[in-house]
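Every read-out reported here was derived from the displayed coordinates using simple, explicitly stated rules and does not represent laboratory data. Just so it is clear, the structure is predicted and the values come from calculations on it, not from any experiment. Cβ placement follows ideal geometry from the backbone for every residue including glycine, while neighbour counts extend to all protein chains displayed.
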Number of protein chains: 2
Amino acid sequence: MVDFTFRNSCEIVFGRDTECQVGALVKKYGGRKVLLHYGGGSIKKSGLYDRVTEALRREGILFEELGGVQPNPVWSLVLEGVSMCRERGLDFILAVGGGSVIDSAKAIATKLVYDGDLWADCFIGLKKVTNALPVGTVLTIPAAGSEMSESMVITREEVGFKAGAGGQAIIPVFSILNPVLTYTLPPYQVACGAADMLAHMMERYFTQVRHVTVSDRMLEGAMKSVVKLAPLAQRQPENYDIRAELMWAGTVAHNNFLGCGRIGDWASHGMEHQLSALYGIAHGAGLAIVIPAWMKYVCESDMARFARFATHVMDIDPEGKQEHAVVAEGISALEAFYAEIGLPTRFSEAGIPSDHVDELSRMACIKGPVGRFQPLEEEDIKAIYKLAL
Amino acid sequence: MVDFTFRNSCEIVFGRDTECQVGALVKKYGGRKVLLHYGGGSIKKSGLYDRVTEALRREGILFEELGGVQPNPVWSLVLEGVSMCRERGLDFILAVGGGSVIDSAKAIATKLVYDGDLWADCFIGLKKVTNALPVGTVLTIPAAGSEMSESMVITREEVGFKAGAGGQAIIPVFSILNPVLTYTLPPYQVACGAADMLAHMMERYFTQVRHVTVSDRMLEGAMKSVVKLAPLAQRQPENYDIRAELMWAGTVAHNNFLGCGRIGDWASHGMEHQLSALYGIAHGAGLAIVIPAWMKYVCESDMARFARFATHVMDIDPEGKQEHAVVAEGISALEAFYAEIGLPTRFSEAGIPSDHVDELSRMACIKGPVGRFQPLEEEDIKAIYKLAL
């Protein structure tokens, strides 16, 4: 185990009808004039918007609205949010939506109080965010784990570049998780969400740090659960228990409790961000394309760990097989899982052209080599993209 | 899954030499005049006392001392601590020690600001603690998990009665975990600690709540790790990695992250508290006596779960066996594990007389039936104690 500090003070309020507590929670955490931030119109159609605004009014909380967050949230809308907060003296950002809405809210909350060039320092540079307005969330899509994480990912649309930043200051002060709100998610979004949460655990699981068996075993258990739950959630969209478990798994995957004492990899996220920034595909779909290729490219640096993943997560029976065969079966089983839930595992299946691999590779390592499990230079990244064509 | 709220804002600072950060951490969390609370003289012999006080002085933090916490910490010392804090205007309780010292510190921090009869309301009654002075800890014994938990257990020595209370307000603001500090723990204390952390996970694992597979799998993984790590820590006391993993497991076991969405049992803790209050045995030893007997008594109410425990935690091969045989083998393997690490599993092995079972049983359910997995009345408790004679 490596030395670590851990602190995550987000309050999770989990269960049916919990969105009705949002006014009381905003008040508890000091919000008086709220920026209500959301995506398209789905929260209005579903009635969630009405329940949330009613709960705010009941507690006498004023709010202004900024909708329109797109998947892969963009910097220009962040700037718009910042202006609104400044002009109207807002003191709390309430995100109602999935990871994109929450990330956009976190970026507004940070940019508003940041003295300097936030993009250059924290998204391109490696500086941690240390101050932000409080953010609360009502989660509608179990996927990104942003509801309890210290990270955010934003796209600069004018240059087609997606980058992440983070720090304890942007962990939401509360997050409301009502599994019923996820009943209407279409199967493809369920799949993308499952791939995202699985990836958050894989990025932590594949580490060169030794003696992390306690979190190894917890990660294996949680990953295996996601593999079992995702197809069930697609087949039984209104099964509360399955939705609840999958929703909680998404939070567990990324609140970093399972990353304590480990050094995560995060190369796959780095390589995926270029795909979704340039081609607009969903983050989860991009991960399903990149991760199997990454596994094939790097597995030899720790075959035993990849074999454990195969047996303990993907249920491969290792009896009488050589290690490399177990590893290969594990990767195939992961690809089959992605395919089963309807995700692409190749550029071609996602309609991504194969002739920009050089440019993608250059962009992916613009901050330097990516990944800690096996640091990848531009040539490595190119080889991995090519395995995924 | 059942509805839940979860918030645990304790900052964990984990690694070598981390106790030298204690002054800065006390300052960060607002402490200026500290009650330094500890047990016997071991922290002076080991040099830990000097490092902690030096770190406090370096930050200009004043402190007064109160040592003398015994295993199974007592109410009278709590009252002494409260008086000291009042007389000298102390504003922060720093616990340097194991679970007993931390629980004593939590009780002082609570009693000091409680308006009313704390013992009657929160230890005998079921009222939650909602306010307390900040507590920080430097952990020396991985066991109780009190360093990141919202519970405390105190003994009224004049009546030989041990009781627990809790609430978010007593979660320490920070806890320093340096595995090196645990190198000198004698094997028996390692064993008691492992039994305690395992019990914290078992109390959460054995639930009647359905559809909790994500935390089921994480609990199984973490429990299995403890079973593997404890004997290794006894045999290789100065192996940093093993000590580190066991120390982190103790925190994981009781910070309630793994209890989210579940209803824990806690009958075994209730039954054990009477043994340690009356006979002064270590809590972990008492648990090793009570838990196998409890398992034998209640397992029929969910054989499938006990069989999973047998196969996924105790490594019993279920191939070709009937479920009840697998369950029985699992319980035997747990008893063998306790015996291997040097713990008693019977009253007789711990020198506890067999003729006070009636009185013990009456006391154990003085607040009402104990346990949520299968609520136990006085007659059930008596039967369980008798299975453990």
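Positive end of the dipole of the protein assembly as shown (Cβ unit charges, origin at the Cα centre): among A:Gly261, A:Leu343, B:Ala339, the Cα lying farthest that way belongs to A:Gly261. Calculation over all alpha carbon pairs of chain A in 10 angstrom steps from 0 returns a P(r) of 5, 24, 34, 25, 10, 2, 0 percent.
The C-alpha radius of gyration of the range B:1-70, expressed as a fraction of 2.2 N^0.38 Å, stands at 1.38.
Considering only chain A, the C-beta nearest to the rotation axis that sends A to B is found at A:Ser9, 2, the distance in whole Å.
One decimal, nm, shortest first: give the distances between the label point of A:Ala383 and those of the same position in the other copies, each label point 7 Å from Cα along Cα→Cβ. Those label-point separations list as 6.5 nm.
The residue among B:Val214, B:Ala285, B:Ile366 whose Cα reaches farthest toward the positive pole of the charge dipole of the range B:187-387, with charges on the beta-carbon of Lys, Arg, Asp and Glu, is B:Val214.
Taking 22 Å as the cut-off for C-alpha to C-alpha distance, list the pairs among B:Lys106/B:Lys128; B:Lys228/B:Lys321; A:Lys106/A:Lys128; A:Lys45/A:Lys228; A:Lys296/A:Lys382; A:Lys127/A:Lys162 that go past it.
Details: B:Lys106/B:Lys128 13 Å; B:Lys228/B:Lys321 24 Å; A:Lys106/A:Lys128 13 Å; A:Lys45/A:Lys228 31 Å; A:Lys296/A:Lys382 13 Å; A:Lys127/A:Lys162 17 Å.
As for pairs spanning more than 22 Å Cα to Cα, those are B:Lys228/B:Lys321; A:Lys45/A:Lys228.
From least to most packed, judged by other beta carbons within 10 angstrom and beginning with the fewest, A:His324, A:His200 follow the order A:His324, A:His200. Inter-label distance, A:Glu238 to A:Arg86: 4.8 nm, where each label sits 7 Å from its Cα along the C-beta direction.
Using only alpha carbon positions, build the gyration tensor of the range B:284-351, then give the equivalent ellipsoid semi-axes as the square roots of 5 times its eigenvalues, largest first, whole angstrom. Mind dumping the intermediate values first?
Values: eigenvalues 102, 33, 14 Å².
Result for the range B:284-351: semi-axes of 23, 13, 8 Å.
Only four residue types carry charge here, +1 at the Cβ of Lys and Arg and -1 at the Cβ of Asp and Glu. Report the dipole size of the range B:70-219 about the Cα centre in Debye, rounded to the nearest 20. The partial results should precede the final answer.
On the way: 11 positive and 14 negative charges, 63 e Å.
Dipole size: approximately 300 debye.
Listed by chain and number, the aspartates and glutamates whose alpha-carbon sits under 16 Å from that of B:Lys111, ignoring those within fewer than 8 places in the same chain, are B:Glu80, B:Glu87, B:Asp91, B:Asp103, B:Asp121, B:Glu150. About the centre of its Cα atoms, the protein assembly as shown shows a dipole size close to 1380 debye [charges on the beta carbon of Lys, Arg (+1) and Asp, Glu (-1) only; nearest 20 debye]. Summary of packing: across the peptides A:213-226, B:267-280, A:25-38, A:350-363, the per-residue average of other C-beta atoms within 10 Å ranks them, highest first, as A:213-226, B:267-280, A:25-38, A:350-363. Seen against the Cα atoms of chain B and their longest principal axis, helix B:213-235 is set at about 70 degrees.
Counting only Cα atoms, the size of the protein assembly as shown along its three principal axes is 81, 65, 50 Å, in decreasing order. At an R0 of 22 angstrom, the distance between the Cβ atoms of A:Ile124 and A:His356 translates into a FRET efficiency of 0.55.
Farthest towards the positive end of the charge dipole of the protein assembly as shown, among the residues A:Pro186, A:Gly23, B:Tyr297, is the Cα of A:Gly23, using unit charges on the Cβ of Lys, Arg, Asp and Glu.
Could you tell me whether the range B:307-389 comes out rounded, prolate or oblate from its Cα gyration tensor? Rule is a ≥ b ≥ c as square roots of the eigenvalues, rounded for a/c under 1.5, then prolate if a/b exceeds b/c, otherwise oblate. Numbers along the way, then the final one.
On the way: a/c = 2.83, a/b = 1.58, b/c = 1.79.
Taking the square roots of the gyration eigenvalues as a ≥ b ≥ c, the range B:307-389 is oblate.
Calculated FRET efficiency, B:Tyr29 to B:Leu389, Cβ-Cβ distance, R0 = 60 Å: about 0.80 to the nearest 0.05. Note on the range A:11-181: Cα-only Rg and Dmax are 14.7, 43 Å.
Report the net charge of residues surrounding A:Val82, where surrounding means a beta-carbon distance below 14 angstrom and charges are Lys +1, Arg +1, Asp -1, Glu -1. Please list the in-between numbers first.
Numbers: positive: A:Arg86, A:Arg88, A:Lys106, A:Lys111; negative: A:Glu64, A:Glu80, A:Glu87, A:Asp91, A:Asp115, A:Asp117.
Computed value for this residue: -2.
How many nm is it between the label spots at B:Gln70 and A:Asp3, if each spot is 7 Å from the Cα in line with the beta carbon? Result: 3.8 nm between the two label points. Distances from B:Gly68 to itself in the other copies, using label points 7 Å out along the Cα-Cβ axis, amount to 6.9 nm in increasing order. Within 10 Å of the Cβ of each residue in A:13-20, the mean number of Cβ atoms contributed by other protein chains is 3.
The other copies place their A:Gly40 label points at 6.8 nm from this one, listed shortest first, where each point is 7 Å from Cα along Cα→Cβ.
Considering every residue in B:219-228, what mean count of other chain Cβ atoms within 10 Å of its Cβ is obtained?
Counting Cβ atoms of other protein chains within 10 Å of each residue's Cβ and averaging gives 4.
A Cβ-based charge dipole, computed about the Cα centre of the range B:109-154 with Lys and Arg at +1 and Asp and Glu at -1, lands at about 20 debye. In chain B, Cα pairs under 8 Å separated by at least six residues give a relative contact order of 16 percent. For the range B:187-387, the percent of C-alpha pairs falling in each 10 Å distance bin, counted from 0 to the bin holding the largest distance, reads 9, 36, 38, 15, 1.
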